[in-house]
Amino acid sequence: MIISIDGRPMEESLVRGDNLEDILSDLAENHLPQNRMVGEVLLNGLTFTEELPHAAVEVSRTEIDSLVLLTLTSEDISRHFLNNGPNILSSMLDSLPKITELFRLGDEAEANEHYLRFLESLHLTISMLEKVTRVMDIPYEASVGELGSLESRLGWLAEITSQLLRIQEENDWIYLADVLEYELTPELEALRDMLPDMKSRVH
Amino acid sequence: MVDLFERNLNNLLELDPELAARVRMASVPDQALILPARSGRPTLTVKGISLHSRFDPVAEAETLLKSHMITEAGGKGLVPALFGLGLGYQALALAGSFELVLVIEPDPGMVKLAFSHLDFTQALPRLRFLTAPSAFEQYPAALLVPHPPSVRLHRTAFRLWTDQLEARRPAAELNKFLMDLPGWEELLVGFDSAQPVDLLGLVRAVHRGTGPLSEGETLILLLHELTKTGR
C-alpha cells in the first residue's frame, strides 16, 4: 500500500488500522502536519466520499493499493464550512419532515435508520461550528440581531439533543417527532441564518 | 347544561346502545394522563408514552390524511378501519374525509376518556365502533389504519384484527371484481339474494372437490382464477 500526505510518501508500517476509517483516524491524529485537516482523500486513484456514515469501515486494509491525502489549513476548511454551512443545514432540515412523519405513522425501523444518520450529521455540524469559531476567532457570545448569540444557540441545541436521547430511550416516538418538528427545526433554522453573519465577521 | 361526555354518549346511544352502555360502565385506562398540548388542546399519555402530539394533536391527525396509506384507501374505495382511538383526533380527521370510518378500540374505557374531552357529536354518524373482528363482515372492504401508540398498548388485539382482515381480503376483492362486471347478478342466480355470498368459501369448497358445480359456480370459479392470474 502506498500512502502519501500532500505528496510526501509515508512508511506503511507506521500507520495503524485494519480498515480505511481506522487508518484515516490514525493519520489524522498522529501524522498530519500541525494546523492542517484532511481536505480530500484519494483511494486507489479515486476521490473517496462517504455516502453513508462510517462507510470507510467497509474498506479493508487489503483493498487499499494507494491512499493519498490532500490537506488544507484549518482556516481553509473553516471558510469552506462558512460558505457551505447554510446548504448543509438546509439539507439536514429537508430530511426532518420525512423522519417525523415516519415516527408518527409508526414506521419506527425506517424512521430510526434516517434519524440516526441525521443525528450523526448534527453532531458533526455542531462540532464543526465549534471548531470554526475557535479557528476563525469568531466571538462566541456576540449577539446576531434577534437570533441571539451563537453561545446561547449552541447551549439550547445541546439541551434539545439531550432531551432527544432521553425520549429515544423511553421509545416515545410521537414525542420524539414533536421535539424534532417543533423544537429542533426552528433551532437549526436559526443556526443556518446566523452563518452569513458569522462569515461577515471573518477577515 | 349537559356535559361533553353525556352529549357524545347520547348520540352514541341512538346509534349503538350496547356500546353506549359499556362505555358508561367502563373505567378510564390505568395511568392515562390528560395534558394540555402547546396548542391548548388536550393530549394524552398512557404509561408515560404519548398517544398524540404534545404540541399540536389536530395538525398531527391532519398529516395522517395526507399519508400514502389514506390516499390509497381513498383511491381504492376502501373504508379506513382505524385501530386505536386514543383521544379521537385521528378518528375525527378521518370522519371529515370519509363517509364511513370503522374504529377499533379494544378498551371501552378509552372511548369514555375520548368522549370526555373531544366533541364527537357531528362525526358519530360516520363512525362505527367495532368490538369483535367478525363485525368486519357487515361492512365494505376495509383498510386497517393503525394508530401506532395504541398498537403498542394492544399488540395482541392488533394481530388478531390484522389476521381477520387479511383472511377477508381475497373474498372482498373477488366480490368487488364481480360487482364491477356488467350483468354480474345473473351469475348468482340460485343464491339467496338476501344473504351475502361467501365466494371464497365456495371456491375453497370447489377446490376440495365437494359436490358437482352449477353453471353459476363454474363461472365464479373461472372468474376467481382469472382475477388471481390477472393480479
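Tabulated data for the structure shown
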item: Reachable aspartates and glutamates, given that their alpha-carbon falls under 20 Å from the alpha-carbon of B:Lys66 and they are not under 8 places away in the same chain; result: A:Asp94, A:Glu101, A:Asp107, A:Glu108, A:Glu110, A:Asp178, A:Glu181, B:Asp56, B:Glu99
item: Given charges at beta-carbon only (K, R positive; D, E negative), |dipole| of the stretch A:136-201 in Debye; result: 300 debye
item: Cα principal axis extents for the stretch B:50-140, largest first, Å; result: 33, 28, 23
item: GluC sites (Glu not before Pro) restricted to DSSP loop in the stretch A:1-58 with at most 16 other C-beta within 10 Å; result: A:Glu11, A:Glu50, A:Glu51
item: Residue order, fewest to most beta carbons within 10 Å, for B:Arg54, A:Arg153, A:Arg166; result: A:Arg166, A:Arg153, B:Arg54
item: Translational diffusion coefficient (Stokes-Einstein; Kirkwood radius from C-alpha pairs) of the stretch A:103-203 at 4 °C, 1.567 mPa s, in µm²/s; result: 88 µm²/s
item: Under-5 Å amide H pairs with B:Val145, H placed in peptide plane, nonlocal only; result: B:Ala81, B:Leu82, B:Phe83
item: Nonlocal amide H pairs with B:Leu44, under 5 Å, H built at 1.01 Å; result: B:Leu35, B:Leu51, B:His52
item: Of the trypsin sites (Lys or Arg not before Pro) in the stretch B:59-156, those whose Cβ has at most 16 other Cβ within 10 Å and which sit in DSSP loop; result: B:Lys66, B:Lys76
item: Of the trypsin sites (Lys or Arg not before Pro) in the stretch A:42-139, those whose Cβ has at most 13 other Cβ within 10 Å and which sit in DSSP loop; result: none
item: Base-10 log of normalised Debye intensity for chain A (one unit scatterer per alpha-carbon) at q = 0.09, 0.11 Å⁻¹; result: -0.44, -0.64
item: Interatomic Cα distance distribution for the stretch A:1-67, bins of 5 angstrom, percent; result: 4, 16, 32, 31, 15, 4, 0
item: Kirkwood estimate for the stretch B:1-109, i.e. one over the average of 1/r between Cα atoms, Å; result: 15.3 Å
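Each reported figure results from applying straightforward, stated rules to the coordinates on display, with no laboratory input. This one's a predicted model, so the numbers in the text were calculated from it and none came from an experiment. Quick reminder, even Gly has a Cβ in these numbers, built from the backbone with ideal geometry, and neighbours come from all protein chains shown.
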